[in-house]
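Okay, structure first, notes after.
The values are calculated or read from the model by the stated rules, or taken from the named source; none is laboratory data. Here the structure is a predicted model, which is why all the values come from computation and not from measurement. As a convention, Cβ positions derive from the backbone with ideal geometry for all residues, glycine included, and neighbour counts pool all protein chains shown. For accessibility, only protein heavy atoms count, side chains too; no ligands or nucleic acids. Shrake-Rupley method; radii C 1.70, N 1.55, O 1.52, S 1.80 Å.
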Amino acid sequence: VQGDKAALGLLIERADAMMAEADRYVETNWQQMADTLKAAKEVYESGDSTQDMVDEAANNLLNAILAQRYKANKDNLQDIIDKAEGLDLSKYTKESVVTFKKALANAKEVLADESLSTDDQKKVDKAVGELQAAIDGLKLASNDGNNGGNNSGNSGDDQNGTGGDKNLDKDAPKTGDNTNTVVW
């Protein structure tokens with residue numbers, strides 16, 4: 001007696017939809033999915049499949065579907081690595097650059113790991129945080145005492161526009177108002 005293939009057909013449809021989006025899934029169990037789907041299709045298309053054969057194929061395909069995991073989202077990691085690689089490290093201290101390079105190497109390693117699933121998202125987020133902290137921790141190298149010398153010559157400018165020219169008030173009527181009278 002030929003088995004009822006309705007449930008198996010639904011599972012095959014689901015597995016086919018997943019196969020169309022293979023790039024979204026971790027590769028670890030992907031071959032198991034492909035092999036199990038192929039076997040399930042053979043059972044589904046066969047006119048001699050018993051209920052036991054259909055049930056076994058459906059069970060195996062269901063387990064293969066459930067074994068699949070979405071890849072971890074690495075978009076933020078890719079963005080911060082791109083930002084980090086664009087930095088000019090020559091103007092920072094050697095110590096801060098060493099820390100930065102370690103964090104960048106770790107981030108690249110995490111980015112390259114194709115086995116990371118959504119279950120491992122914390123590892124990806126940690127690499128993003130460490131690299132951002134290393135970028136924020138970069139310290140500018142000193143320029144032989146030239147830092148901080150840029151503010152000289154500004155000490156006499158505080159009186160511009162704040163009542164520094166007392167001659168404007170000379171002929172103003174005494175109304176008790178403190179504003180300067182200016183004719184446009």
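Give me the net charge for the shell around Ser96: Cβ to Cβ below 12 angstrom, other residues only, Lys and Arg +1, Asp and Glu -1.
+3
Do the alpha carbons of any pairs in Lys94/Lys126; Lys5/Lys71; Lys102/Lys122; Lys74/Lys94; Lys94/Lys122 sit beyond 26 Å of each other, and which pairs?
Exceeds cut-off: Lys5/Lys71; Lys74/Lys94; Lys94/Lys122.
Report, to one decimal in Å, the Kirkwood hydrodynamic radius for segment 1-72 based on all distinct Cα pairs.
One over the average 1/r among Cα pairs gives 12.3 Å for segment 1-72.
Non-local amide H neighbours of Tyr92 (under 5 Å, H modeled in plane, Pro and chain starts lacking H): which ones?
The list, which skips near neighbours in sequence, is Ala141.
Using modelled amide H (1.01 Å from N, peptide plane; none on Pro or chain starts), what sits under 5 Å from the amide H of Tyr25, excluding residues fewer than 5 places away?
Lys71
In nanometres, what is the gap between the two model label sites at Ala105 and Gln78, each 7 Å from Cα along Cα-to-Cβ?
Output for this residue pair reads 2.5 nm.
On the accessible surface of segment 54-127, probed at 1.4 Å, how many percent belong to carbon and sulfur atoms?
That fraction is 48 percent.
Suppose R0 equals 45 Å. What FRET efficiency, 1/(1 + (r/R0)^6) with r the Cβ-Cβ distance, do Gln121 and Asp88 give to the nearest 0.05?
My answer for the efficiency is 0.90.
So if we plug the beta-carbon distance of Glu45 and Asp113 into 1/(1 + (r/R0)^6) with R0 = 41 Å, what FRET efficiency do we get, rounded to 0.05?
After rounding to 0.05, the efficiency reads 0.60.
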